[in-house]
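J.: Take this structure, written in structure tokens, and hold onto it; I'll ask about it next.
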Amino acid sequence: MSRRCELTGKGPMTGNNVSHANNKTKRRFLPNLNDVTLQSETLGRGIKLRISAAALRSVDHRGGLDAYLAKAKDDELSPNALKVKKEIAKAQASA
């Protein structure tokens, strides 16, 4: 399971631990990922995603999963999220 947000594409970053003596050792900064089930009003079901805490706040701010995916760029989304985005767009077009 990759350490990458399915909605924003955030992944691990690298940097240094810096000691009091100014010694530097490599380290990784991991994103704060959570397994959540977000409800889609259009599809009428829940979608399980592994997203960062910042992405969860963005979904709430934009008014839900459907609104977030409508504005999201396709290259940032995971294949699973992209599939859900196309399902939502197809359901909205037929309604």
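Nothing in this text is a laboratory measurement; each read-out follows from the coordinates by a stated rule. Remember, predicted model here, so these are calculated numbers, not experimental data. Counting neighbours? That spans all protein chains shown, and the Cβs are built from the backbone with ideal geometry, glycine included.
J.: Across the stretch 33-88, what is the number of residues that are touching a residue at least 12 places away in the same chain (Cβ under 8 Å) and in a helix (DSSP H, G or I)?
T.: Total meeting the criteria: 17.
J.: Inside the stretch 42-56, can you point out the residues that are surrounded by 12 or more Cβ atoms within 10 Å (Cβ to Cβ) and more than 10 Å from the chain's Cα centre (by Cα)?
T.: 42, 43, 46, 47
J.: Out of the residues in the stretch 27-41 meeting the condition of being surrounded by 15 or more Cβ atoms within 10 Å (Cβ to Cβ) and hydrophobic (A, V, I, L, M, F, W, C), tell me which one is nearest to the chain's Cα centre (by Cα).
T.: Applying the filter and picking the extreme gives 33.
J.: Which of the residues belonging to the stretch 65-86 are over 14 Å from residue 5 (Cα atoms) and surrounded by fewer than 16 Cβ atoms within 10 Å (Cβ to Cβ)?
T.: 67, 70, 71, 83, 86 - these are the residues of the stretch 65-86 that are over 14 Å from residue 5 (Cα atoms) and surrounded by fewer than 16 Cβ atoms within 10 Å (Cβ to Cβ).
J.: Same structure again: Starting from residues that are part of a strand (DSSP E or B) and surrounded by fewer than 10 Cβ atoms within 10 Å (Cβ to Cβ), keep the ones in the stretch 6-25 and report whichever is farthest from the chain's Cα centre (by Cα).
T.: 25
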